[in-house]
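The values are calculated or read from the model by the stated rules, or taken from the named source; none is laboratory data. What you are looking at is a predicted structure, and each value in this text was computed from that prediction instead of being measured. Neighbour counts run over all protein chains shown; Cβ positions are idealised from the backbone, glycine included. To get the accessible areas, we keep the full protein, side chains included, count just its heavy atoms, and leave off ligands, DNA and RNA. Shrake-Rupley method; radii C 1.70, N 1.55, O 1.52, S 1.80 Å.
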Amino acid sequence: MYTEKVIDHFSNPRNMGEIEDADGVGKVGNPACGDVMYLYIKVKDEKISDIKFKTMGCAAAIATSSMITELAKGKPLSEAEKISKADVAEALEGLPPIKMHCSNLAADALHEAIKDYKGKQK
Amino acid sequence: MRKVYLDHAATSPVLEEVIQTTCPYFNELYGNASSLHQFGRKAKEALENAREQVSGALGAEPDEIYFNSGGSESDNQAIIGTFHKKKDQGNHIIISEIEHPAILDSAKYLNERFGAKITLIPVDSEGIVDPNDVQETITKDTILVSIMHANNEIGTIQPIEEIGKILSDHQALFHTDAVQTYGKIPVNVEKLGVDLLSISAHKLGGPKGVGALYIKKETEIDALIHGGGHERKMRSGTENVAGIVGLAKATEIASKNLKKETDRQIQLRDTLIKSILQIEDSWLNGHPTKRLPNNANFGFKYIEGEGILLKLDMKGIAASTGSACSSHSLEPSHVLTAIGLSAEDAHGSLRLTLGPKNTKEDISYAIETVTEVVEQLRSMSPFSKSNPYQVHSDQGH
């Protein structure tokens, strides 16, 4: 069902953890659906200097969380904001159709974290 | 890599003896059991011997056994065949909330296409059907009650005998799906008081694609598969003699070893349960004692089932889950929902089911690995005792 990339990110997730003094936090999902992601970002010079995730969910949920942190780390906010669920799925070399909603969640978590950061700047 | 198969409720490996007994029916004794020549007669003889073996194990008469393609077909015929035969008498069918989809969906089909009235009896938090609920639900229109002997997910064994007594004076037929109990605990049709009973070979070391429906003498239901009139017109189609012989051999082996194997598995199962429950925020789904000797179903807070399964799979352990993420419908298990688990709690479920080849070492390995896997997934999870479940957004699934 899953590509090798998905299995890799599931078994060896990148950037798993919390950031206590995060500049932005995105929390998305519903435990009743079995899918929840927390994404923490640190921003320096308008770039994502650090990023971590915590996820409760299936292999696709964990893999998409891990992948999106890899895609977003070090990127300027303006670029990170554009990362879509399709980018995540592509980077993972594909997700089964029934699991596409997990990549949705990852993209939403990132955008929420950036929104949270911007909100704090005001 | 060490491989430990703990998904026997899903299917079991065919026993070596069964394979040996079955082989000749592919290329030596391959006749059509309906043929007049010696090839046919030999096949017919094997077929009837198999019938005696299976009927003996159930405490039934040989001509009360009807071979078919398995548990699902037996369940379908019990529900749909009864309805079509009895619909002049009434159109009410009673089933439990935790039946196998072959029963639930057959009932749903009858309701949607033929207006059958279906009542779903709830279960308590351990998965037991209260016979009084059945008593109170029966009406003059009830033509069938179907309650599974033991549930495939949580292993809970139902009070079939008691329900049988309640129904003994009523016109309604009483069916039980014994797919998970046949070969594992004593199954006697007279004791249970049933009119119809389903079994399947591949749950007890026989091949997939074969099973049987017990239909009590003088009980009439419709056939589903029409044609050459095989199985006394109840199930047409050239008999799968090889498969049926396999079912009979698996039955013989299971019957011979029943007490010893049951005791052995209960010991292993209880060791497994005791050790796994040492993990924080874990619990057992189903009844603690009225449960199948080989079934252990756990819930773990804060983590998700498919993730558990994949990590176990990477360590060579085969198991299953009631999590939505692993189903096609994105709904959590209807059984776990019926025993009162929240959706969150249903997602973190793990079912381990033992078989005759599982050893003490397998169980130790499973305990160690499950403990490790739960810890790993919990370290990744945003939820914990200090940060309990909350909704953050609703995803358009």
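Worth a mention:
- Relative to the Cα centre, the charge distribution of region B:315-397, modelled as +1 at Lys and Arg Cβ and -1 at Asp and Glu Cβ, gives a dipole magnitude of about 160 debye.
- Charge dipole magnitude, Cβ of K and R +1, D and E -1 - chain A, Cα centre, debye nearest 20: 220 debye
- Protein-protein interface of region A:47-74, residues with accessible area decrease of at least 10 Å², isolated chain reference, 1.4 Å probe: A:Lys54, A:Thr55, A:Met56, A:Gly57, A:Cys58, A:Ala59, A:Ile62
- Cβ-isolated cysteines (cut-off 4.7 Å), chain A: A:Cys33, A:Cys102
- Beta bridges from DSSP with both residues in chain A: antiparallel share about 95 percent, rounded to the nearest 5.
- For trypsin sites (Lys or Arg not before Pro), the sites in region B:197-243 that DSSP calls loop and that have at most 12 other Cβ atoms within 10 Å are B:Lys217, B:Arg232, B:Lys233.
- Among the GluC sites (Glu not before Pro) in region B:150-224, those located in a DSSP loop and surrounded by at most 13 other Cβ atoms within 10 Å of their own Cβ are B:Glu218, B:Glu220.
- Chains A and B, summed buried accessible surface - 1.4 Å probe, Å², nearest 100: 2600 Å²
- Based on Cα contacts under 8 Å between residues 6+ apart, chain A shows a relative contact order of 32 percent.
- Our summary gives region A:32-82 a relative contact order of 35 percent, counting only alpha carbon pairs under 8 angstrom and 6 or more residues apart.
- The residue list B:His226, B:Pro332, B:Asn294 was ranked by how far each Cα lies along the charge dipole of region B:217-367 toward its positive end, using unit charges on Cβ atoms, and B:Asn294 comes out on top.
- What region B:1-136 shows is 49 Å² of accessible area per residue, with the surface traced by a 1.4 Å probe over protein heavy atoms.
- With the helix formula -39500 (n - 2.57) applied to DSSP H stretches of n ≥ 4, chain B reaches a computed 222 nm mean residue ellipticity of -11500 deg cm²/dmol.
- Of B:Phe26, B:Leu58, B:His8, farthest towards positive along the dipole that unit charges on Lys, Arg, Asp, Glu beta carbons give region B:1-132: B:Phe26
- Cβ-based charge dipole, the protein assembly as shown, positive-most Cα from B:Gln390, B:Leu47, B:Pro101: B:Leu47
- Over chain B, relative contact order from alpha-carbon pairs under 8 Å, at least 6 apart, %: 21 percent
- Applying the Karplus relation 6.51 cos²θ - 1.76 cosθ + 1.60 with θ = phi - 60° to region A:83-94 yields 3J(HN,Hα) values of 5, 10, 5, 5, 4, 5, 4, 5, 4, 8, 6, x Hz, where x marks Gly and Pro.
- Counting charges near B:Val245 (Lys, Arg +1; Asp, Glu -1) among other residues having Cβ under 14 Å from its Cβ returns a value of -3.
- Accessible surface of region B:3-84, 1.4 Å probe: 52 percent of it comes from carbon and sulfur atoms.
- Carbon and sulfur %, accessible surface of region B:204-268 computed with the full protein complex present, 1.4 Å: 52 percent
- Within the shell defined by Cβ-Cβ distances under 11 Å, the residues around B:Asp281 carry a net charge of +1, with Lys and Arg each +1 and Asp and Glu each -1.
- For region B:1-88, the list of trypsin sites (Lys or Arg not before Pro) that fall in a loop by DSSP and count at most 16 other C-beta atoms within 10 angstrom reads B:Arg2, B:Lys3, B:Lys87.
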